[in-house]
Each structure stands twice: as structure tokens, then as C-alpha cells.
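No value in this document is a laboratory result; all are computed from the given coordinates. The shown structure was predicted, so the numbers you read here are calculated from the model rather than taken from an experiment. So basically every Cβ, Gly included, is an ideal-geometry build from the backbone, and we count neighbours across all protein chains shown.
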Amino acid sequence: MKLLLDENLSDQIVGRIIDLYPDSQHVKTLSLTNTDDGIIWEYAKAHSFVIVSKDSDFHQRSLLYGHPPKFIYLRIGNSPTSKIVQILRDNFVTIIEFGSRELESILVLA
């Protein structure tokens, strides 16, 4: 599963989860920082990414448009990078199962 981390998450996360989520990217490495959420959404859709963000705008977009792309909503407030990495690692099985479910668009992790 390929994750696309939004700009509200550290770009350092990718290097710490790449063993579990190969080909994952951060919007910064794709030159998509300060880009409209709609463009990020379309990029994720076109390139088969699952968006990971703390941004409620993606939550609203996912409710409105469904998937693809799927969306992992991190409801954790201001948290250190290490906590976000731990959440993504600890929930690996849940995230993979979410990716394979046809009917689910949003996975909320806290």
C-alpha cells in the first residue's frame, strides 16, 4: 500500500515507515506543498495513493466524493513525529485491511 502524507505531517515519517508501506511519499517530495487539497486528491487518485492527514478538509472531501482515493484521518492533534510513526506502524494490519475493503473510504486513527 502506498501512503501519501499531507504537508501537516513531517516528511521524515516516510523514511521510518517505508519498510511497511513501500513507495509511500510525502507531498513535499512531490513538489505538492502549498497545493490545493483538490489537486492533492486528484494526484492520489491518479497514482493509487492512500492519503494520510490530520486535515479535516480531506475528511469532508472523502465524505462528499467517496473513494478513490482512500483517506486515513489522524485525529491526534499536535503530536510528535515519533507518535505518528508509532500509530502507522502499530496499525499496519488495520491499514492493510482497510485498503482491501471495497466499501470503506475513511479510516480514523487516534
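With N residues in region 69-110, what two-decimal value do you get for its Cα radius of gyration over 2.2 N^0.38 Å? Provide the component values of the computation, followed by the final result.
Numbers: Rg = 10.8 Å, N = 42, 2.2 N^0.38 = 9.1 Å.
It is 1.18.
Grab the other residues whose beta carbon is less than 12 angstrom from that of residue 74, score K and R as +1, D and E as -1, and report the net. Could you put the intermediate results ahead of the total?
Details: positive: 54, 75, 83; negative: 6, 55.
Charge balance in the 12 Å sphere: +1.
What's the center-to-center distance, using Cα atoms, between region 51-71 and region 8-41 in Å?
15
Could you grab the Rg to Rh ratio for region 1-90? Cα atoms only, Kirkwood for Rh. Intermediate results must be reported in sequence, preceding the final value.
Working: Rg = 12.0 Å, Rh = 13.0 Å.
That ratio is 0.92, to two decimals.
Just for region 3-109, what percent of DSSP beta bridges are antiparallel, to the closest 5? Mind dumping the intermediate values first?
On the way: 0 of 12 bridges.
Close to 0 percent.
Placing +1 at every Lys and Arg Cβ and -1 at every Asp and Glu Cβ, with all other atoms neutral, what dipole size does the chain have around its Cα centre, in debye to the nearest 20?
Approximately 220 debye in magnitude.
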